[in-house]
Structures are given as structure tokens and as C-alpha cells.
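*Asks:* Can you read through this structure? Questions will come right after.
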Amino acid sequence: MYALSSFIAGLIFGLGLLVSRMANPAKVLGFLDLAGAWDPSLAFVMIGAVAIGAVAFAMARRRASGWLGTPITLPATRTIDGRLVGGSLLFGIGWGLAGFCPGPALVALGAGIGKALVFVAAMLAGMLVFELLERFGPSSGREEARWHL
Amino acid sequence: MTIDWTAFTPWSGVIGGAIIGLAVALLLLANGRIAGISGIVGGLLRPSTGDIAWRVAFVAGLVAAPVAYAIVATLPPINVEASYPTLVLAGLLVGVGTRYGAGCTSGHAVCGISRLSLRSIGATLAFMAAGFLTVFVVSHLLGA
């Protein structure tokens, strides 16, 4: 049941990316190109998503556990540190280079786009590099990166 | 700044965004989890007991979405203009960056702003700024 509910959530998320046209990197790059012919659509996707999301998080705050009985776990970390900002800057550079972030890339992969497969493979390699650096790198043994969204 | 009115799709944006919001709501209220895609995928590379199935299921749902969409309607265009070397570099940066930054567009921008997390808003400002700057450099300074 838990996995089925998760599958449906992933499916709906992917359909939302398709309906909003955000699975298309050209559309995302149109938003990021402020100095060119700017396409503000992505901002409207955020408005729609946050409007529903804010209601969901307000409801979640009043509950200890979800409909399926497991605890609702929200991130506890509040600090804005170098890891957060540096990582986000690297992510933003990669996002701006190809117009793909993780969700749209997985949806494009499902649509049979060969270039999405290349991006997803490289993304997984990048995540694996992070895991290896965390485990064996110079700063390993430090407190584990507490929360990941 | 000039707005590209021919490309601008506010309605499909808001409606598609609301559908994304519903997916966030379902995973949060049913499963008690935050729909942060880089975290869900990244967690598969750090397996812990009983934590794999829902992650695989969520990713399978994302990948299945275009198949389901194509049953009822023609898929919208997906244009990937980046070259293969650019895609590899971009993928590596997105992979490493989202893990160090503890989130991507879904976890920090959609979920983080929805719950008014200052940390997520900071991360969103950082990756948005880097995205704007990267496109400016690539399209207008390097003239690619």
C-alpha cells in the first residue's frame, strides 16, 4: 500500500510536469533566459504547486502520522551553510546548461528521449560521487548530512 | 526584458503546477514523505532497510507518466538542445549539487516554499540565480 501510494504520487507528479510543459528543457531555459525572449511560465507552475502544497503542509502540521499510519517526517535542519549554498549553486549551473532538473529528466526518460538517458546516467554518477566523498573523502566521519529533500 | 508572449503558457502552467501540488499532498499526507526528487533518487544510492520500495515506486511513477499521458493525449514536445558533452557535465553538476545542497526544484522550491522554510528559500534563490547567470553566459556572452 505504501509503495502503491508512492507510485501514484510519482505518476501524478510526472503528469503535472507534462501538463505544465516543464518536462521540456527548452521551456525551462526560456524561463532562465531573462535577457532574451523571456517565458515566465515556470513562475506560474510554482504558483499553482505552492498554492496546493501550502494547504497540504498546513494539514500535515496538525497530524503526527499519515493516512497509512507512518509518521510524517519533516526536515528539522534550519541552518543555511556552505554545503547548502555551494551545492545549490552547482545544481543551478547544471540546470542552466541543459534545462533539466531531476524530475523532468526522469519524465523525459519515460518519454523515450535518448538525451534524457545520458543526463540521468550522469546525474546518478554525480550522486554516487557525493556518496563516495561522504564516505571516504576528507570530511568523512563528520555528522551525516541530516536531511535531504 | 522582453516577454515571449507566443511561448508564454500561464494556464497550463498553473494547472500543471496544481497537479504537482496534489502529488506533493498525496506523498506527504498518505506516506508522510516530502516529494523531493533528488532526495528520493539519491536515497537509492544509500540503501537502508525498508526504505527502497517506496523510492523505486515513486521514480517508476515519474517514468510511467508520459506512457499514461500518451494513452489519452499526444505528448507535448520535449526538445533537448544541449549537446551530449554538455548533458554529461550538466548531469554531473545536478547530481553532485542537489546532494550537497540537499534538494532540487521539487524539494526546495515546491515543498520548501510551501512550508515557508527559510533554508529551502535560500537554496532556491541560490540555484535560480546560478541558473539565470549560466544561461546568460552561455546564450549571450559565449553566443552558443
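The values are calculated or read from the model by the stated rules, or taken from the named source; none is laboratory data. Note that the structure is a prediction, hence the values are computed from the model and not measured. Cβ coordinates were reconstructed from backbone atoms using ideal geometry, including for glycine residues, and neighbour counts include every protein chain displayed.
Let's see how each residue does on (1) at pLDDT 95 or above; (2) among the hydroxyl-bearing types (Ser, Thr, Tyr):
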{"residue": "A:25", "(1), (2)": "yes, no"}
{"residue": "A:36", "(1), (2)": "no, no"}
{"residue": "A:63", "(1), (2)": "no, no"}
{"residue": "A:77", "(1), (2)": "no, yes"}
{"residue": "A:87", "(1), (2)": "yes, no"}
{"residue": "A:120", "(1), (2)": "yes, no"}
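*Asks:* Which of (1) closer than 22 Å to residue B:55 by Cβ; (2) of a type outside the set (Val, Ile, Thr); (3) within 7 Å of chain B (Cβ to nearest Cβ) is the odd one out, the single condition residue A:132 does not satisfy?
*Replies:* Among (1) closer than 22 Å to residue B:55 by Cβ; (2) of a type outside the set (Val, Ile, Thr); (3) within 7 Å of chain B (Cβ to nearest Cβ), residue A:132 violates only (3).
*Asks:* I would also like to ask the following. Polar (S, T, N, Q), touching a helix residue (DSSP H, G or I) at 6+ places or on another chain (Cβ under 6 Å) and facing chain B (nearest Cβ under 7 Å) - does that describe any residue in segment A:62-84?
*Replies:* Within segment A:62-84 (the criterion being polar (S, T, N, Q), touching a helix residue (DSSP H, G or I) at 6+ places or on another chain (Cβ under 6 Å) and facing chain B (nearest Cβ under 7 Å)), the answer is no, since none of the residues qualifies.
*Asks:* Select from segment B:21-45 the residues that are assigned to a loop (DSSP other than H, G, I, E, B) and either in contact with a Cys (Cβ under 7 Å, 6 or more places away or on another chain) or among the charged types (D, E, K, R) (or both) and write down the one among them that is nearest to the other protein chains (Cβ to nearest Cβ).
*Replies:* Per the stated criteria, the residue is B:36.
*Asks:* Based on this model, can you work out whether residue B:85 counts as under 22 Å from residue A:118 (Cβ atoms), more than 7 Å from every other protein chain (Cβ to nearest Cβ) and surrounded by fewer than 22 Cβ atoms within 10 Å (Cβ to Cβ)?
*Replies:* Considered against the rule, which asks whether it is under 22 Å from residue A:118 (Cβ atoms), more than 7 Å from every other protein chain (Cβ to nearest Cβ) and surrounded by fewer than 22 Cβ atoms within 10 Å (Cβ to Cβ), residue B:85 comes out as yes.
*Asks:* Please work out which one of (1) free of Cβ contacts under 8 Å to residues at least 60 places away in the same chain; (2) touching a Gly at 6+ places or on another chain (Cβ under 8 Å) is the condition residue B:21 fails and give its number.
*Replies:* Failing condition for residue B:21: (1).
*Asks:* Going through B:40, B:113, B:52 one at a time, which residue ends up being surrounded by fewer than 17 Cβ atoms within 10 Å (Cβ to Cβ) and β-branched (Val, Ile, Thr)?
*Replies:* Going through B:40, B:113, B:52 in turn, the sole match is B:52.
*Asks:* Quick check, is residue B:134 at the interface with chain A (Cβ under 7 Å from one of its Cβ atoms) and polar (S, T, N, Q)?
*Replies:* yes
Here is a yes/no grid of residues against (1) touching a Cys at 6+ places or on another chain (Cβ under 8 Å); (2) over 25 Å from residue A:23 (Cα atoms); (3) not assigned by TED's automatic domain parsing to the domain that holds residue A:7:
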position	(1), (2), (3)
A:67	no, yes, no
A:70	no, yes, no
A:89	no, no, yes
A:94	no, no, yes
A:97	no, no, yes
A:102	yes, no, yes
A:107	no, no, yes
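*Asks:* Applying the selection to segment A:100-115, what residues are facing another protein chain (nearest Cβ under 7 Å) and touching a residue at least 12 places away in the same chain (Cβ under 8 Å)?
*Replies:* Within segment A:100-115, A:100, A:101, A:102, A:103, A:106, A:107, A:108, A:110, A:111 qualify.
*Asks:* Being within 20 Å of residue B:100 (Cα to Cα) and aromatic (Phe, Trp, Tyr), is that true of even one residue in segment A:94-107?
*Replies:* The answer is yes; a qualifying residue exists.
*Asks:* Could you tell me whether any residue of segment B:12-20 is more than 27 Å from residue A:42 (Cα to Cα) and either outside any loop (DSSP other than H, G, I, E, B) or in contact with a strand residue (DSSP E or B) (Cβ under 9 Å, 6 or more places away or on another chain) (or both)?
*Replies:* Checked against the condition, which is being more than 27 Å from residue A:42 (Cα to Cα) and either outside any loop (DSSP other than H, G, I, E, B) or in contact with a strand residue (DSSP E or B) (Cβ under 9 Å, 6 or more places away or on another chain) (or both), segment B:12-20 yields no hits at all.
*Asks:* Confirm whether residue A:53 is facing chain B (nearest Cβ under 7 Å) and either modelled with pLDDT of 95 or more or surrounded by fewer than 21 Cβ atoms within 10 Å (Cβ to Cβ) (or both).
*Replies:* yes
*Asks:* Here is a further query. Quick one: residue B:122 ticks every box in (1) within 7 Å of another protein chain (Cβ to nearest Cβ); (2) surrounded by fewer than 21 Cβ atoms within 10 Å (Cβ to Cβ); (3) over 21 Å from residue A:87 (Cβ atoms) bar one, so which box is it?
*Replies:* Single failed check for residue B:122: (3).
*Asks:* Which condition number does residue B:48 fail, the rest of (1) free of Cβ contacts under 8 Å to residues at least 12 places away in the same chain; (2) assigned to a helix (DSSP H, G or I) being met?
*Replies:* Of everything listed in (1) free of Cβ contacts under 8 Å to residues at least 12 places away in the same chain; (2) assigned to a helix (DSSP H, G or I), residue B:48 misses just condition (2).
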